[in-house]
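Working notes, structure below.
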Amino acid sequence: MGLGYIGLPTAAVIAGQGIEVKGVDINSTIVNTVNRGEIHIVEPKLGGLVRDVVAAGRLKALLEPSESNVYIITVPTPFKEGHKPDVSYVENATRTLIPILKKGDLFIIESTSPVGTTDKMSELIFKLRPELKDKIYIAYCPERVLPGNILYELIHNDRVIGGIDEVSTEMAVKFYSRFVVGKLHKTDAKTAEMCKLTENASRDVQIAFANELSMICDRAGINVWELIELANKHPRVNILQPGSGVGGHCIAVDPYFITSDFPDESKLISQAREINNLKSQWCADKIIKAIHRYKTTNDKIPVVALMGLAFKPNIDDLRESPAKYIAGRVMNMSEADYLIVEPNISEHQIYKLTSYREAYEKADIVAFLVAHTQFKDLPYNRNKVILDFCGIFKKYMLTK
Ligand code: SAJ
């Protein structure tokens, strides 16, 4: 249920094991695309696999579910007003399945969900179909794959599987063992739900530490990249890299599922979210100040290159991207001749894109917003104002 970044690769991998898969999505464009053997997302190697399993008749996309033995929910769980988790997609998908569930079926939720969601969905199922109590198996098994490396990680990563009872856990483990070679760790549904949130909150907190250090170091006149490299020489220290903020649809979202349910107990997690959001504003303010300074000193409007729009290095995904937020804010607030760069996409709906070499060459002020590999080949040029928020020229400069 849900043929997005997780559902489609999961469907294709399972179909690749010779199992008949029906991929369900409410969007008819997605359903038609998949049935043509094509894909609507960018993910290495996925296109070939989908083409093969569709051609072999093992994966078929549908607008509505039909009777099966195993049901997997992979719909999005965004947040709504006040950063409250929105589980309506999970609930709607569950409701659509309730009439067709039968004795012996396995119902699995993979969507990132607030603690207690699996129990709530079970209650819903048993309220409407009381005869299925103790007759079907229900489990939570969060996905853990990294966009850009999904097919490998789907098969090789360890998984955490928590059923509403022991027999549900066992049945889900048996199912995943058909296509996962990583270890399958058994627990209960609530722990599995919290485990997913913990993994992403942990990364958010660690990145916040690096981002906070970068702002302290900027004030103190210390090169944060050198500092982190040196601190990481300690055998028990492993600091992550600062950047222009935290983006994407997981790490910048999931911690709110903890803070909204446990506000009094989640001070650190909540503060980390704020620091990572603040870092993007801080970067935008730095660029705005640099433009102002340039105008005052040179009495002319500068050419400003904004390098990168994606939410992280070497991908084409711009969703919830700090770089995109920074570019929008800076262009709104300061007059300049802007050159927008994103080497991983060929065109953008709003911005005219410039090649990274041309933009770097022409610009008076260059702001590196994403650490794309290509940018690291550029020669460091002391005659330009360089705002390096993601360590492209680690060795040469501070983020002044
Ligand atoms: N980032 C930094 N500094 C770093 C590492 C990352 O600023 O040192 C930034 C990135 O630029 C990006 C954001 O953090 O804006 C998130 O990127 P990411 O590569 O850390 O993670 P995602 O969002 O692509 O995928 C994460 C993964 N979770 C963890 O690593 C704990 C992935 O395994 C999950 O499956 C995925 O979230 C998900 O779907 O929940």
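What do you get for Rg/Rh of the chain when both radii come from the Cα atoms and Rh is the Kirkwood radius? Kindly include the intermediate steps, with their values, before the conclusion.
Values: Rg = 23.6 Å, Rh = 23.1 Å.
Rg divided by Rh gives 1.02.
Rg and Dmax of region 100-151 over Cα atoms: what are they, in angstrom?
Both quantities, over Cα of region 100-151: 13.5, 43 Å.
Have a look at the DSSP beta bridges in the chain and tell me what percent are antiparallel, nearest 5. Display every interim value, and only then the final one.
Details: 4 of 35 bridges.
Expressed as a percentage, antiparallel bridges in the chain total about 10.
So what does log10 I(q)/I(0) come out to for region 166-286 at q = 0.09, 0.13, 0.23 Å⁻¹, using the Debye formula with one equal point on every Cα and no solvent?
At q = 0.09, 0.13, 0.23 Å⁻¹ the computed log10 ratios are -0.37, -0.67, -1.23.
So what are the three principal axis dimensions of region 133-183 from its Cα atoms, in whole Å, longest to shortest?
The Cα atoms of region 133-183 stretch 40, 17, 13 Å along the principal axes, largest first.
Pull up all non-local amide H partners of residue 184: gap of 5 or more, or a different chain, and H-to-H distance under 5 Å with H placed in the peptide plane.
Distant-sequence amide H within range of residue 184: 159.
Can you send over the carbon and sulfur percentage of the accessible area for region 254-400, probe radius 1.4 Å, protein chains only?
Working: 3560 of 7420 Å².
Carbon and sulfur: 48 percent of the exposed surface of region 254-400.
So, in region 258-323, how many Lys pairs have Cα atoms under 26 Å apart, if the pair is 8 or more places apart or on different chains?
9
Test of understanding: in a Gaussian network model of the chain with alpha carbons linked when under 10 Å, which of 123, 212, 38 would top the mean-square fluctuation ranking?
Highest fluctuation among the options: 123.
Could you work out the Rg to Rh ratio of region 29-73, with Rh taken as the Kirkwood radius (inverse of the mean 1/r over all Cα pairs)?
On the way: Rg = 11.2 Å, Rh = 11.4 Å.
Here the Rg-to-Rh quotient is 0.98.
Starting from the amide H of residue 338, placed 1.01 Å from N in the peptide plane, find each other amide H under 5 Å away whose residue is 5 or more places distant or on another chain.
Amide H to amide H, under 5 Å and 5 or more residues apart or across chains, residue 338 pairs with 304.
Name the residue, out of 82, 248, 23, whose mean-square fluctuation peaks in a Gaussian network model built on the chain with Cα pairs under 10 Å.
Maximum among the listed residues: 82.
Nearest 10 degrees, 0 to 90: what angle lies between the long axis of helix 322-333 and the longest principal axis of the chain (Cα atoms)?
Orientation of helix 322-333: about 50 degrees from the principal axis.
Output the Kirkwood hydrodynamic radius of region 249-338, Cα pairs only, in Å rounded to one decimal.
Details: mean 1/r = 0.0667 Å⁻¹.
Kirkwood radius, region 249-338: 15.0 Å.
Using only Cα atoms, tell me the angle between helix 46-55 and the longest principal axis of the chain; keep it within 0 to 90° and round to the nearest 10.
It works out to around 30 degrees.
Measure nothing but the geometry: give the 0 to 90° angle between the long axis through the Cα atoms of 166-176 and the longest principal axis through the Cα atoms of the chain, rounded to 10°.
The helix 166-176 is inclined about 70 degrees to the chain.
Around residue 348, which amide H atoms from residues at least 5 apart in sequence, or from another chain, sit under 5 Å from its own amide H, with H modelled in the peptide plane?
353
Suppose all protein chains stay in the model; what accessible area per residue would a 1.4 Å probe give for the chain, in Å²?
On the way: 19470 Å² over 400 residues.
Accessible area per residue: 49 Å².
Please label the shape of region 302-377 as rounded, prolate or oblate, based on the square roots a ≥ b ≥ c of the eigenvalues of the alpha-carbon gyration tensor (a/c under 1.5 means rounded; beyond that, a/b larger than b/c means prolate, else oblate).
Details: a/c = 1.60, a/b = 1.15, b/c = 1.39.
Since a/c reaches 1.5 but b/c is at least a/b, the shape of region 302-377 is classed as oblate.
Sorted by packing (mean other beta-carbon atoms within 10 Å per residue), highest first, where do 289-295, 100-106 land?
Working: 289-295: 17.0, 100-106: 14.7.
Top to bottom by mean Cβ count within 10 Å: 289-295, 100-106.
Filter the GluC sites (Glu not before Pro) in region 341-400 to those in DSSP coil with at most 16 other Cβ atoms within 10 Å of their Cβ, and list the result. Walk me through the numbers before you get to the answer.
Details: sites: 347, 358, 361; in loops: 347.
Loop-located and lightly packed - 347.
Report the percentage of all Cα-Cα pairs in region 270-400 whose separation exceeds 25 Å, rounded to a whole percent.
The answer is 18 percent, as a whole percent.
Tell me the trypsin sites (Lys or Arg not before Pro) within region 155-191 that lie in a loop according to DSSP and have at most 14 other beta-carbon atoms within 10 Å. Please list the in-between numbers first.
Details: sites: 159, 174, 178, 183, 186, 190; in loops: 178, 183.
Within region 155-191, the qualifying trypsin sites (Lys or Arg not before Pro) (loop, at most 14 other Cβ atoms within 10 Å) are 178, 183.
Would you mind telling me the share, in percent, of accessible area of region 13-142 contributed by carbon and sulfur at probe 1.4 angstrom?
About 52 percent, which is the carbon plus sulfur part of the accessible surface.
Viscosity 1.002 mPa s, temperature 20 °C: Stokes-Einstein D of region 78-200 from its Kirkwood Cα radius, in µm² per second?
Working: Rh = 15.0 Å.
Answer from the Stokes-Einstein relation: 143 µm²/s.
The values are calculated or read from the model by the stated rules, or taken from the named source; none is laboratory data. Bear in mind the structure is a predicted one, so any value in this text is a computation, not a measurement. Using ideal geometry, Cβ is built from the backbone for each residue, glycine included, and neighbour counts are taken over all protein chains shown. In case anyone asks, the SASA skips ligands and DNA or RNA and just uses the protein heavy atoms, side chains included. Shrake-Rupley method; radii C 1.70, N 1.55, O 1.52, S 1.80 Å.
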